[in-house]
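Undergrad: Supplied in structure tokens, the structure appears directly below.
The values are calculated or read from the model by the stated rules, or taken from the named source; none is laboratory data. The model shown is predicted, which means the values in this text are computed figures rather than measured ones. So basically every Cβ, Gly included, is an ideal-geometry build from the backbone, and we count neighbours across all protein chains shown.
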Amino acid sequence: MERYCIKVPTKEAEKVRRILLDNELLDGDFKIFSSTNFIFLPIVRLVPLQLLKELQLSNQIEVVKKEFDPIEKPPTLEGILGFNPQHELIGNVAIIDSEIDQKKEVANALLKAYPKLKTVVASKSPVQGEFRVKKYEFVKGECTTETVHKENGCKFTLDLEKTYFTPRLATERQRVASNVCKGDKVIDMFAGVGPYSILIAKSGLAEKIVAIDKNPNAISYLKKNIKLNKVENIDAIEADARYLSSKYNGFADHIIMNLPHSAYEFLDSAISMVKAGGIIYYYTINPENNLFGASIKQINESCERLGKECIIKEERIVRSYAPHQYNICIEFRVNNDKV
């Protein structure tokens, strides 16, 4: 199909492409193509004269007409089914609710809508047991719950039935990782397959990361992920974190407590392991009518018990967890012993 486009020298194409994107002028329905020394960028309409002057990085940039091939886009779920079913994607596995009607039809639609998808399963249980895992029912595709999930530039191999993992914390993990500075030491008390620890390690700033989990399957996958992501400054430890407080007393600049249903049981241990001035990221699930108050009270009581001073840095909602319940995070700093 013949379209107007920007003809730009190859060495200047990326800068021009970004300008077109920023001004919503690049036509994403057609394939960009190249010829000797030039790239042709399809545009949705003729570029305004003023913007075209901005593009004049060289006198070779011009607006021309060319034949473009359309980009073949996969069908959408709504286009196939007439509605958009609730689902979650982890690697090449899609998870749907076991109570959903027409599971097979929904699974077929998911496989068409997401070409890289290999498996569709239905959740049969909530997160349960000391290892926080779920049960799944196979619906369509390859009969496996093992996958590799990509997030924030990292890769995580995992088994959904053997380890706990949610992609819904990707932004939260990035937020925490961005707080780590050069030479900091980190303890990830409930590390799972390593989404916090490996992301922090990839930055190259932390001196040491101690990643702990009592689930042997999680530690097994964590060790695989350490190799997969080519990071070396993580100690993967299979243990109950509360029993390591004496070994790592006053060790960490940052402590991550991502065990929302029972993190309060580990507060004393976390406060013992953080160094003076260090920060603890405390996650829990609370009702909307008491999002932070009860948890802050528990934190203050634990600090008081250990003779520490607590300063709340931030209270935030991470995500909705259930009707009228939220997964929240409280960041607090533990200062020197009280006089």
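Undergrad: Quick one: what pairs do we get from region 271-294, first residue buried (at least 19 other Cβ atoms within 10 Å of the Cβ), second assigned to a strand (DSSP E or B) and among the hydroxyl-bearing types (Ser, Thr, Tyr), C-beta under 7 Å, 6+ apart or different chains?
TA: Asn286/Tyr326
Undergrad: Further question on the same structure: Mind counting the residues in region 20-31 that are out of contact with any helix residue (DSSP H, G or I) (no Cβ under 7 Å at 6 or more places or on another chain), of a type in the set (A, V, I, L, M) and in contact (Cβ under 8 Å) with a residue 12 or more places away in the chain?
TA: Residues meeting the conditions: 2.
Undergrad: Taking Leu110, is it closer than 30 Å to Pro195 by Cβ and not in a strand (DSSP E or B)?
TA: Here the answer is yes, as Leu110 does meet what is asked.
Undergrad: Can I ask one more? Of the conditions (1) modelled with pLDDT of 95 or more; (2) assigned to a strand (DSSP E or B); (3) within 17 Å of Ile95 (Cβ to Cβ); (4) of a type outside the set (Ser, Thr, Tyr), Glu137 satisfies every one except a single condition; which number is it?
TA: Condition not satisfied by Glu137: (1).
Undergrad: How many residues are crowded, with 22+ Cβ neighbours inside 10 Å and not in a helix (DSSP H, G or I) if we restrict to region 214-235?
TA: The total comes to 2.
Undergrad: When you scan region 181-213, how many residues do you find that are in a loop (DSSP other than H, G, I, E, B) and either surrounded by fewer than 23 Cβ atoms within 10 Å (Cβ to Cβ) or modelled with pLDDT under 95 (or both)?
TA: Looking only at that region, the number is 7.
Undergrad: Let me ask you something else. Out of region 295-339, which residues are among the polar types (S, T, N, Q), in contact (Cβ under 8 Å) with a residue 12 or more places away in the chain, assigned to a helix (DSSP H, G or I) and farther than 19 Å from Leu259 by Cβ?
TA: none
Undergrad: Pick out the one residue from Val106, Val133, Val127, Val93 that is loosely packed, with under 15 Cβ neighbours inside 10 Å and hydrophobic (A, V, I, L, M, F, W, C).
TA: Of Val106, Val133, Val127, Val93, the one residue that is loosely packed, with under 15 Cβ neighbours inside 10 Å and hydrophobic (A, V, I, L, M, F, W, C) is Val127.
Undergrad: Only one of (1) over 19 Å from the mean Cα position of the chain (by Cα); (2) free of Cβ contacts under 8 Å to residues at least 12 places away in the same chain is not met by Glu265, so which one is it?
TA: The failed condition is (2).
Undergrad: Going through region 75-90 one residue at a time, which ones are surrounded by fewer than 17 Cβ atoms within 10 Å (Cβ to Cβ) and part of a loop (DSSP other than H, G, I, E, B)?
TA: Pro75, Thr76, Gly82, Phe83, Asn84, Gln86
Undergrad: Is it true that Glu62 is farther than 30 Å from Pro126 by Cβ, surrounded by 12 or more Cβ atoms within 10 Å (Cβ to Cβ) and over 27 Å from the mean Cα position of the chain (by Cα)?
TA: The answer is yes for Glu62.
Undergrad: Could you please let me know if Ile95 is part of a helix (DSSP H, G or I), within 30 Å of Tyr136 (Cβ to Cβ) and at pLDDT 90 or above?
TA: Answer is no for this residue.
Undergrad: Within region 50-59, identify whether any single residue is touching a residue at least 12 places away in the same chain (Cβ under 8 Å) and in contact with a Leu (Cβ under 6 Å, 6 or more places away or on another chain), and answer yes or no.
TA: The answer is no, given that none of the residues of region 50-59 is touching a residue at least 12 places away in the same chain (Cβ under 8 Å) and in contact with a Leu (Cβ under 6 Å, 6 or more places away or on another chain).
Undergrad: Any idea which of Glu72, Glu130 is in a loop (DSSP other than H, G, I, E, B) and either in the same structural domain as Ser220 (by TED's automatic domain parsing) or within 30 Å of Ile212 (Cα to Cα) (or both)?
TA: Answer to the check: Glu130.
Undergrad: Here are some conditions: (1) among the aromatic types (Phe, Trp, Tyr); (2) more than 28 Å from Phe30 (Cα to Cα); (3) crowded, with 16+ Cβ neighbours inside 10 Å. Tyr114 meets all but one. Which one does it not meet?
TA: For Tyr114, the exception is condition (2).
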